[in-house]
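Read the structure below first, then the notes.
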Amino acid sequence: MADSCYFRLVRLEGSRSTVPWFLRYLRGTPWLSDAFKLLGADIGRGVYLDTTDLTEFDCVTIGDHSELNAMCCPQTHLFED
């Protein structure tokens, strides 16, 4: 029987995205891209991530050797009136 894993989601202050609460502790480490990959993001090799502000993990594609610094917010959707 497989164990089920539940993530507590938190709302980032000033942001409209929700991320598992523990990801903020992985900012700037090699493990953050691995965590996003587990959530469905397509992230290349050698990527530096200092942000957890991704809106839809399955819509994100980040190429090899990219850098996303703090306060960066990749937009994966657009709502227009």
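Probe radius 1.4 Å, ligands and nucleic acids left out: which of 57, 36 has the largest accessible area, and how do the rest follow? Kindly include the intermediate steps, with their values, before the conclusion.
Working: 57 35, 36 0 Å².
Largest accessible area first, the list is 57, 36.
Remark: accessible surface ordering of 59, 72 (largest first) is 59, 72, probe radius 1.4 Å.
The values are calculated or read from the model by the stated rules, or taken from the named source; none is laboratory data. This one's a predicted model, so the numbers in the text were calculated from it and none came from an experiment. When the accessible area is computed, the model is the full protein with side chains, heavy atoms only, and any ligands, DNA or RNA have been set aside. Shrake-Rupley method; radii C 1.70, N 1.55, O 1.52, S 1.80 Å.
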